[in-house]
Amino acid sequence: RKEVEQDPGPFNVPEGATVAFNCTYSNSASQSFFWYRQDCRKEPKLLMSVYSSGNEDGRFTAQLNRASQYISLLIRDSKLSDSATYLCVVLNQAGTALIFGKGTTLSVSS
Amino acid sequence: GAGVSQSPRYKVAKRGQDVALRCDPISGHVSLFWYQQALGQGPEFLTYFQNEAQLDKSGLPSDRFFAERPEGSVSTLKIQRTQQEDSAVYLCASSPLGPRDEQYFGPGTRLTVT
């Protein structure tokens, strides 16, 4: 079983749609959680950290369920510019390395 | 300010050749990381430096892979006797303090082994 699992998609949605991505992680001792965004043939960039209480940044909401070892990302009012691959990321137990999921591809169309 | 830079951006190597990939982190960043990203996959951790100390090299796939950061700034990832399965994008990232901080990625080096 991979340490971080995501539905690869692709998710194809119209502008203005709400879309949710899910992710599960296998190591219950993991302490830090993130969503990174990667545009085609570009480097990953941090979208947001994920906190136990849940957190929101504009149209983006991230949630963490430690009991289920489950992380989610909700994007409201999708824009064309949201088209990218969204990577679910967990800091390993040793606190030395980021463990990435395969990524979920989102395509927003007009 | 300047971000993380990597060179070369593209490298084609014949099987069996040695290659060296360079990373210039953001100035003053303590931590530096190397990742390998195969097509259609997420980045996979290779190694982590705190200043010049290599604190974790558990992700290096074989003893053909070697990384160094001798003065705590620029880092080099060396791959000896390259094989076709080494073909991937090699990403370098740096962070101000430790791995819990936001990691800033460079554009990567795309290595193709023929």
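The values are calculated or read from the model by the stated rules, or taken from the named source; none is laboratory data. Everything numeric in this text was worked out from a predicted model, so none of it was measured. For neighbour counting, all protein chains shown are included, and Cβ atoms are generated from backbone atoms with ideal geometry for every residue, glycine included.
A few comments on the model shown:
- Criterion (crowded, with 20+ Cβ neighbours inside 10 Å, out of contact with any Asp or Glu (no Cβ under 6 Å at 6 or more places or on another chain) and more than 10 Å from every other protein chain (Cβ to nearest Cβ)) met by exactly one of A:100, A:60, A:33: A:33
- Condition check for residue B:99: in a loop (DSSP other than H, G, I, E, B), within 14 Å of another protein chain (Cβ to nearest Cβ) and at pLDDT 95 or above: no
- If you go through region B:3-20 and pick out every residue that is surrounded by fewer than 21 Cβ atoms within 10 Å (Cβ to Cβ) and within 14 Å of the chain's Cα centre (by Cα), you end up with 8.
- Hey, residue B:41 more than 13 Å from chain A (Cβ to nearest Cβ) and of a type in the set (S, T, N, Q) or not: no
- Each residue in region B:52-83 was checked for being closer than 19 Å to residue B:14 by Cβ and touching a Leu at 6+ places or on another chain (Cβ under 8 Å), and 5 pass.
- Residue that is surrounded by the most Cβ atoms within 10 Å (Cβ to Cβ), among those in region B:102-111 that are in a loop (DSSP other than H, G, I, E, B) and on the phi < 0 side of the Ramachandran plot: B:103
- Any hit, region A:41-48, residues being within 15 Å of the chain's Cα centre (by Cα), modelled with pLDDT of 95 or more and either farther than 30 Å from residue B:5 by Cβ or among the aromatic types (Phe, Trp, Tyr) (or both): no
- In region A:23-40, residue modelled with the highest pLDDT [restricted to those that are more than 26 Å from residue B:89 (Cβ to Cβ) and among the polar types (S, T, N, Q)]: A:28
- Matching residues in region B:57-94 - criterion: being surrounded by fewer than 20 Cβ atoms within 10 Å (Cβ to Cβ) and assigned to a helix (DSSP H, G or I): B:84, B:85
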